[in-house]
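Undergrad: Below are the structure tokens for one structure; questions will follow.
The values are calculated or read from the model by the stated rules, or taken from the named source; none is laboratory data. Here the structure is a predicted model, which means the values were calculated and not measured. A quick note on method: Cβ atoms are made from the backbone with ideal geometry, for glycine too, and the neighbour counts reach across all protein chains shown. Just the protein is used for accessible areas: all its heavy atoms, side chains included, with ligands, DNA and RNA removed. Shrake-Rupley method; radii C 1.70, N 1.55, O 1.52, S 1.80 Å.
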Amino acid sequence: MEWVLAEALLSQSHDPRVLLGALCRGKASVERVETLCFFLQRLEDAAARGGGGAGALPEAAREVAAGYLVPLLRGLRGCPAGGPDLGLPPRLRRRVLRAAGAALRSCARLAGGPQLAASLAEEALRDLLSAGRAPGAEAAVEVLAAVGPCLRPREDAPLLERVARAAVALVLGGDGDEAGPAEDAVALVAGRLLPALGQCGGAALRAVWGGLAAPGAPSAPGRIGLKLLVLSALAEKLLPEPGADRAPRAHESGPDARRCWRFWRTVQAGLGQAEDALTRKRARYLLQRAVEVSAELGSDCTCGPQEGNGPSLFWWSEKKKDELLKFWENYILIMETLEGNQIHVIKPVLPKLNNLFEYAVSEENGCWLFHPSWHMCIYKRMFESENKILTKEGVIHFLELYEIKFLPFSLEFSEVMTAYPLPCSFCQKMGGQLIGSGSPLGLKLQKFLVTYVSLLPEEIKSSFLLKFIQKMTSRHWCAVPILFLSKALANVPRSKFLGIEGLLALRDVIHCTMITHQILLRGAAQCYLLQTALNLLDVEKVSLSDVSTFLMSLRQEESLGRGTSLWTELCDWLDVNESYFKLPPICSPVGLHETSLNAYAKTLVQEYIKSPAWETGENCFMPDWFEAKLVALMVLLAVDVEGMKTQYSEKRRTENILRIFLDPLLDALMKFGTNAYMPLLKTDRCLQLLLKLLHTSMLKGSSTQDDEVFTVLQNFVMSTTESISEFILRRLTMNELNSVSDLDRCHLYLTVLTELINLHLKVGWKRGNPIWRVISLLKNASIQHLQEMDSGQEPTLGSQIQRVVSMAALAMVCEAIDQRPELQLDSLDAGPMEKFLSSFQLNQTLQKPRVEEQSRCAHPSDFFEESSSSQGWGKIVAQYIHDQWVCLSFLLKKYHALIPATESEILEPFLPAVQMPVRTLQSALEALTILPSDQVLPVFHCMKILVPKLLTSSESLCIESFDMAWKIISSLSNTQLTFWPNLKAFVQFVFDNKVLTIAAKIKGQAYFKIKEIMYKIIEMSAIKTGVFNTLISYCCQSWIVSASNVSQGSLSSAKNYSELILEACIFGTVFRRDQRLIQDVQTFVENLGHDCAANVVMENTKREDHYVRICAIKFLCLLDGSNMSHKLFMEDLTIKLLDKVNMLYFTLNYLLYNFMTGIIDRIFQAGFINNQASVKYFIEWLIILILHKFPQFLPKFWDCFSYGEENLKTSICTFLSVLSHLDIITENIPEKKLILKRALIIVLQWCFNHNFSVRLYALVALKKIWNMCKTSRIEEFDALTSVIESSLHQVESMHGAGNAKKNWQRIQEHFFFATFHPLKDYCLETIFYILPRLSGLIEDEWIAIDKFTKFTDVPLDAGFQWYLSETQLCELKTGDWSQQDIGSDSVEADSQSEGTNVQRKIIPWKNKAPELDLELVFQDRAAKLGKSINRLIVVASLIDKPTNLGGLCRTCEIFGASVLVVGSLQCVKDRQFQHLSVSAEQWLPLEEVKPPQLIDYLQQKKTEGYTIVGVEQTAKSIDLTRYCFPEKSLLLLGNEREGIPANLIQQLDVCVEIPQQGIIRSLNVHVSGALLIWEYTRQQLLRRGDT
């Protein structure tokens, strides 16, 4: 129609200048400029045909260009998008730009010469260079793209070259971190300008290619996508189209991208590293294009790598054409499949990756034929996938490479290993794998790393390992992956690979492990990292100082403990290498009689003891502990290394060695008591070193009594006791501690004093011991200080600090006396200390000294600096109150017998705090509100003593105590260090046996409050593993009097709280996925035993959920079946269990056997329930045991078969299974005739049941019973012999290979009938481990027998024998009976052959570049893509749901609809739309027409010749199968709920409906639209003759 109008206008006017002038007048608009463009194109066609107006036309074209188009473009160029020049939005502005550019191209062609095109290009180039990255640059680009093809390749070659260079610089300019050029300009350059320049060929093409392949071209990740955008746009020039004319001269004149290694590196970067799918699609297109070009050309081609020698990045040989095509076909298929992120589609393709390796390695010489970087692109793509399952598959496949085949060395493998860490979620154990067996992926990593490092060339092993370790420090790790990575490194064969950089990197990795709360895993990782250092360190490149600093990064309480195998391994390593360490820059000469390690340790002590020159005055801070730890560690290592050199231990030699090292320290310590002027800092350092030596020297996991080093060190320290204790006494009692920083010194002194007390107690306490005198004096002086300071005077800082020090000293004395009865200084008669403590005002705080008071200090600012460093005065006051309660706890324990039940009993108390318990408990509640959570332990200890005394008389106060304490515990759930001690103390006072007994006796509110707290603790255990363990362990221990006897009184208390035992019996693992992983890996580490030093250093906390049930079971095992109270307790508990859940028979299977008489009916009733396999076996076993021990209940068992068949259809197999063990049931019955007769009659009836499974179970029972009958030789059964023998023979000799014979063989091999023995297998192992495993129960429910033996909190009798099974049952593996025929009906990916058919998505282009310039007309883009576009318009303005719109958009794009009309273009931003459309909106024209505008829109399309087709069921609807779509069809879709409104139905030319066969009235609107779109497409294809 447009052409007809143009022809009509031209026929009316012979002078085109008049028409052009009319179009150029008036305000510029989109319609005006597009009309001008169209008219100029019509004139251009007419001029090409020799039409009219040829003489005046060139001049008119120049006038339009210079007078209208160029000013218009300048106006657009000078404003940002949507600027005020035309008042146009960005989209319309781009239409103006596109139309103006096309008009300029027509003007240049009509101008009659090259001058106009050249001048326009020059001006646009200047504008482009000046605009740079400004938004206005797209106008200049549009002009250059329009007039570029009009330039002459030879004459204008310099100009074309300059334009090309500027275009490439615009696209690739700047580094990856800068903000890039305007997006519009880049899209125009890559999508229009560069392809246009490429058409010019020659100099322009060479300039573009030179810019892309230049050595300095940016290669940052952000620029890879832009490079690929340009390369794909120029693919036709850089990779000539197959089939085109390729004369030698023509081919040689242009560049060949296949021979440039930078081109291939760019493609690889796009394949493996690009984040967006579009960039990866361009890279795949270029690769496919290059392969097809190479196959078409048929000539050899080689492109070597940048590195020089090595496999080519790309090569082609006509002789190897078939192999090469197969390789690249599989490669591209894999890369395309990975885009889908669908594991069920990808898994079948993975075997082709193995085939790629087979193609890539030469069978003759074992070298790479294809560069391995291509394979790494696949792995990188998998590692960076959003689908974690796909990523895991990629990691597993990568780690299994060297298990499958031998591969030559490749640096690319190293780069991938150091670039991609091991995620935590990949360390999950596989299904069916035992708990604690370790992560398969972690073990694969270990094997892979060892194999790979052994294959590396020696010259790069060091750099690879260093990069690998440094990469481990680049992120914060979860405990699990860091453990397995460290374990893999520790298994690398010993060699000298790492220097100081490697040691520092290992130290950084250790610091990464410290962020986890999983202490055992943290310690194990440290052990492996130390082993890595010992194996891989080149000692000639590091000094002893470097090694000691590294060792200090290890936590001795978690990994490097003295006496562990790791400590011994370290000593061996130091012994072997001590003479090879690198000397420090300044090294003192070492005598011949000393080794370098000895000299280093000796120097460390000497330098450490020296008083620093910078120390001034007494108001200095206490030194850090780091140096003391380092010196102590190295001294003890040196001593142990020296001890290893002698075959037999020599105490005298050990003493001499220690004396050499510690002489400076011992000399200083001996002078403490006499030298009052010894520098303060020196005394601090000496005492710190003394403590660290004592702590570090203690052997881990064994007794220190036989350790000569500890014994000698102990003797040395004891020889200095008097001097040290006198010094500490003077410092604590003579007002020498008077600043906030001195409180740290006070803590140091008291800790040293405690250690001295412990040492003297070990060797035997004597009255004349100097410590005795010091403790007595310290106690008296502390009391005196505290009494003197109550005078009411204005407090000073010094007096308040001394008050805190005195209270802390008194608390230390009380704790020492409380924990060690040998230290009792007085009799039970109340002495001065007891009277003082009892009358002391509890919760007394300290008034903060006034600021003016500090002006008298030498350093007035010290107070504020110190108080802030100690977290303020509040922390000091909290410690002061804490120490008060420590003292009171001692007092209450000592005089607990004097605590009255009511205060009215004591008229004149001489120990108020003891004899007035109500007031004391109220003070305790007040203390809980004052103290921080890490200081409340002594308050809990006091409550434990007070609450049992007051529960009867002051119940409400006790309940308040419970609530307040629980509030503190529940708020501490995320504070690891303080939570567990507080929880233990809380449980000990709330669930104290006395409290439980009294509360149950009075049955008041306290009783119910205790049960409420009990359930809250159980609830907390669901999110915090180990909480329930603390409760059940304490209660069971408190109810036990001895390991072999449970007292009557204790059991009555347990009976009142039987819910606790009940909950423990049914308590199972309640892990989130991350908790399950942590628990499994912890078990794995524990199973390593002493091979992992962390297990020796750290005590097993037994916080696993399994230990809850173990504790309850072991407690119940102590019950005596002959004791009536025990029997009643067990029956009550069993009934509650049966009421609560039917799944838990296995929990009490062992125990119920001894306590059955009262609950027989309940057990038989349970057999009628349709239970899962694991429960069914336990019920059957339990019934067998009952009937074996109590044969008098056999009539009840026979009654179970008398119910109607309808009631037995799900349970008869249970009772038939019991009958199959009739020999066990009747074992103790002398006369079996009547029982066998009854059993035979019953089982024969069920052998003829219509249900096949029932018949199988009956036949198994019949076979067993009949064998018993034959053995007993009962004549009455002779009449049945022929029938039974015939039946059994028939089933045994069943012919064929059908399911019947297979199932008969399977049930006979079933463990329950073939191997299981109800009596011999009656043990804890079978109940809790073997049977759950064989019955297919989840692995978390298996409890290994070693856990029972490890749990010693509740010890069993020495004679307890029922731990292990006596049969071969434990050796069986899960068989067919567990219905685990995994893989029988599915094809495993690994077993697929090369020719296996796999899914493959259609490539959305036909050997053309995937042009992504969204500003091109969509039809032009479709043509570029080789995509067929029909003339169907789909109108979806009435559809509301983004999912339907997204799916419809995808359907329209796939079948080539010309446009999709929607109600709002904002829908494309919706996530649900994007999820369904999968980027289809980028390839399909979208138009916005709101529902109220639809009538006008439909009428307009009717005028354009479209037929309006509605999808609706109406009275005049046409069947879709009978309707023939016109080429110009508009498809109107209705609303999801209301369909097409009545007013729009009137606008339709035709209504089409889809024929239906079902009941539902209508299809989903997207499905309906898809059916019609496909039918339209099918008809158009048939018309064009396409197939």
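Undergrad: What net charge do the residues around Leu570 carry, taking every other residue with its C-beta under 11 Å from that of Leu570, with Lys and Arg at +1 and Asp and Glu at -1?
TA: Net of charged neighbours comes to -3.
Undergrad: Using heavy-atom solvent-accessible surface (probe 1.4 Å) with all chains present, what is the largest-first order of Arg685, Arg32?
TA: Descending order: Arg32, Arg685.
Undergrad: From the protein chains alone at 1.4 Å, what is the descending order of accessible area for Lys682, Lys1516, Lys645, largest first?
TA: Lys1516, Lys645, Lys682
Undergrad: Using modelled backbone amide H atoms (1.01 Å from N, in-plane), which distant-in-sequence or interchain residues come within less than 5 Å of Phe314's amide H?
TA: Cys303
Undergrad: So which trypsin sites (Lys or Arg not before Pro) in the stretch 1543-1583 are both in a DSSP loop and have at most 12 other Cβ atoms within 10 Å of their Cβ?
TA: For trypsin sites (Lys or Arg not before Pro) across the stretch 1543-1583 that sit outside H, G, I, E and B with at most 12 neighbouring Cβ atoms in 10 Å, the list reads Arg1561.
Undergrad: To continue, here is another question. Determine, from the Cβ-Cβ distance of Glu400 and Tyr677 and an R0 of 60 Å, the FRET efficiency 1/(1 + (r/R0)^6), rounded to the nearest 0.05.
TA: 0.25
Undergrad: With a 10 Å radius around each residue's Cβ, average the other Cβ atoms per peptide and rank 323-335, 450-462, highest first.
TA: By packing density, highest mean first, the sequence is 323-335, 450-462.
Undergrad: Now a separate question. Protein chains only, probe 1.4 Å: how do Trp368, Trp374 rank by accessible area, largest first?
TA: So, going from the largest accessible area down, we get Trp368, Trp374.
Undergrad: With every protein chain left in place and a probe of 1.4 Å, what is the accessible surface of Glu1231, to the nearest 10 Å²?
TA: 120 Å²
Undergrad: Just to verify a number: what accessible area does Phe1455 come out at with the full protein assembly present, 1.4 Å probe, Å² rounded to tens?
TA: 60 Å²
Undergrad: Once the other residues with Cβ under 15 Å from the Cβ of Lys1270 are scored (Lys, Arg +1; Asp, Glu -1), what is the net sum?
TA: +1
Undergrad: Just read off the accessible area of Ser1365 with the full protein assembly in place, 1.4 Å probe, to the nearest 10 Å².
TA: Accessible surface of Ser1365 is approximately 20 Å².
Undergrad: Additional query: Near the amide H of Ile1518, under 5 Å away, which other amide H atoms are found, from residues 5 or more places off or on another chain, if H is placed in the peptide plane?
TA: Amide H neighbours of Ile1518, under 5 Å, 5+ apart: Cys1551, Val1552, Glu1553.
Undergrad: Related question: Give a quick list of GluC sites (Glu not before Pro) in the stretch 1473-1570 that DSSP marks as loop, anything other than H, G, I, E or B, with at most 13 other Cβ atoms within 10 Å.
TA: For GluC sites (Glu not before Pro) across the stretch 1473-1570 that sit outside H, G, I, E and B with at most 13 neighbouring Cβ atoms in 10 Å, the list reads Glu1504, Glu1538.
Undergrad: I would also like to ask the following. In terms of modelled amide H atoms, which long-range or inter-chain residues lie less than 5 Å from the amide H of Val361?
TA: Leu369
Undergrad: Could you give each residue of the stretch 1532-1546 its phi-based ³J(HN,Hα) in whole Hz, using Karplus coefficients 6.51, -1.76, 1.60 with θ = phi - 60°, and x for Gly or Pro?
TA: With the stated coefficients, the stretch 1532-1546 comes to 9, 9, x, 5, 4, 9, 9, x, 8, x, 4, 5, 7, 4, 5 Hz.
Undergrad: Another question about this same structure. Round to a whole angstrom and tell me the spacing of the C-alpha centers of the stretch 439-511 and the stretch 652-671.
TA: 41 Å
Undergrad: Subtracting the Cα-Cα distance from 0.36 nm times the residue separation, let me have the gained length for Asn656 to Gln1513 in nm, one decimal.
TA: Stretched out fully, the Asn656 to Gln1513 stretch lengthens by 297.9 nm.
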